[in-house]
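Where a number appears in this text, it was derived from the coordinates with a stated rule and is not lab data. The model shown is predicted, which means the values in this text are computed figures rather than measured ones. Cβ sites come from the backbone with ideal geometry, for glycine too, and all protein chains shown count toward neighbours.
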Amino acid sequence: MGNQKSECFYARRVWLLVLIALVVQQSTARFIEDDCPGVVGNRNVHSMVMRVCEDCYNVFRHPEVAVGCRRACFSSKMFKSCLSALQREEEYPDFLRLIGILNAGRK
C-alpha cells in the first residue's frame, strides 16, 4: 500500500515537471522567435503588439498567420493585414511607434 502511494506520487511529480518544462520552453521560444532586439525592458510594449497577432490567430486559426504577423519583429505586411482584419487599422500609426521601440538596436 505504501509502495503504491509513493509510485503514484512519483508519477504525478514527473508529469508536473514535464508540464512545467513545456510551459517554460514555449514562453522562452516566444520571445526568441520574435527577433525583437528591444523586447528587454519593453515587455509591456511587446505584449500590446503581440496581442494583435494572438487575436488575429484566434480569428483565422492558421499557424502561418501567427508566425507571419510576428515576422521581422512585427514589421511584416501580415501585421498590417491583421490590424485590418481586426478592424483596428486606424491604430496603425500608434503600432508603428511601438514596433519602432521594439526594433531599436536592429542593424
**Complete:** From fewest to most C-beta neighbours within 10 Å, the residues 51, 88 line up as 51, 88
**Asked** Once the other residues with Cβ under 10 Å from the Cβ of residue 78 are scored (Lys, Arg +1; Asp, Glu -1), what is the net sum?
**Response** +3
**Item:** Calculated FRET efficiency for the pair residue 43/residue 72, C-beta based, R₀ 22 Å, to 0.05
**Value:** 0.70
**Request:** Would you please give the FRET efficiency between residue 96 and residue 60, computed as 1/(1 + (r/R0)^6) with r the Cβ-Cβ distance and R0 = 22 Å, to the nearest 0.05?
**Result:** 0.45
